[in-house]
Amino acid sequence: MNYRHAFHAGNPADVMKHAVLAYLLERLQAKPAPFFVLDTHAGIGRYDLEAQQAQRTGEAIRGVRRLLRENAPSLPAAAAAYLAALRNLNPAGQPLEMLRHYPGSPLLARLAMRPGDRLVLAELHPEDVQTLRANFRGDSQVAIHHMDGWLALKAHLPPPERRGLVVIDPPFEAPDEFERLVAALALAYRRWSTGLYLLWYPIKDRATSWRFHQMLTQTGIPRILAAELTWADDDRSDRLNGSGLILVNPPWQTDEALATLLPALHAGLGAEAGDGRIFWIRDEAGKPGA
């Protein structure tokens, strides 16, 4: 429970994760029925890129600020919701590349919600949950729980709403985090098989990612799409070489949208190695992907 996302807000992994999340939330908005969002490892929701923690690492300089400074106009339509959220959170008329405030996944979800939609946030860190509550104080559409995110899947699924999204973004501090992530998804899917799921994972070495994908295949869950953005060669496993997302029950044509978005983000972040790619782990028919 030592991980504090304030040190990493707006880094390349955030850019990829949040651009995809914003796209999925936009797709949920396309139908009038209310939707539900559960974020199991919520963090504080809003990050100040001028704060001491962010300044100490400078990760946003290599992430969202670089993307916006050089490449925002060339991003595809799939990035529109992400860019709109950044504009919403920062002063009107201010150049995007100068943005100070960065939205975490809870705030991205809240910005996408309409009257009748509902957001449930779980956060275990005692200081972060207090900041999270302060950031959403008085908001009747947001419920915040000081609890283990893994337990939140049991406590809040299935929701009364028939539509929605579950975001599972653990800190990967525990050595068995990949196994826990697969077990949590399998449990959640048994409880709510029609929900949309978005899982984040770090890419350090290909062998670990491959084993993770194999474990996902063995759950028998159909329609599992993987999206990966890498910016360094995987010859070293002691650093973060890329960012991965698992999507279960992705909306129609999401694979086509991400096939355009990820290479654009890779170019926009100025990555000199790696790539952006998507592939099915289990395809539409539930068969293992290529």
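Read-outs: derived from the displayed coordinates by stated rules, not from any lab. Remember, it's a predicted structure, so these values are computed and weren't measured experimentally. Neighbour counts run over all protein chains shown; Cβ positions are idealised from the backbone, glycine included.
Positive-end ranking of Leu28, Tyr197, Ala174 along the dipole of the chain, with charges on Cβ about the Cα centre, is headed by Leu28. Dividing the mean sequence gap of close Cα pairs (under 8 Å, 6+ apart) by how many residues region 189-280 holds gives a relative contact order of 37 percent.
Loop-located trypsin sites (Lys or Arg not before Pro) across region 203-279 with a Cβ neighbour count of 13 or fewer within 10 Å are Arg236, Arg239, with loop assigned by DSSP. With bins 10 Å wide beginning at 0, the percent of Cα pairs of the chain falling in each bin runs 6, 30, 40, 22, 3, 0. Here's the list of aspartates and glutamates a cross-link from Lys31 could span, going by alpha-carbon distance under 14 Å and ignoring same-chain residues fewer than 8 apart: Asp117, Glu161. Per the Debye formula with a single identical scatterer at each Cα and no solvent contribution, what log10 I(q)/I(0) holds for region 56-214 at q = 0.09, 0.10 Å⁻¹? Scattering profile of region 56-214, log10 relative to I(0): -0.38, -0.47. Note on Lys17: aspartates and glutamates with a C-alpha under 14 Å away, same-chain residues under 8 apart excluded, are Asp39, Asp169, Glu228. Quick one: if you stick a label point 7 Å off each Cα along the C-beta vector at Asp48 and Asp176, how many nm between them? Each label point is offset 7 Å from its Cα along the Cβ direction, giving 4.0 nm. Summed over qualifying helices (DSSP H, 4 residues or more, each -39500 (n - 2.57)) and divided by its residue number, the chain shows a 222 nm mean residue ellipticity of -11500 deg cm²/dmol.
Of the GluC sites (Glu not before Pro) in region 153-245, the ones in a loop by DSSP (not H, G, I, E or B) with at most 11 other beta carbons within 10 Å are Glu173.
Region 243-267 and region 116-173 have Cα centres separated by 24 Å.
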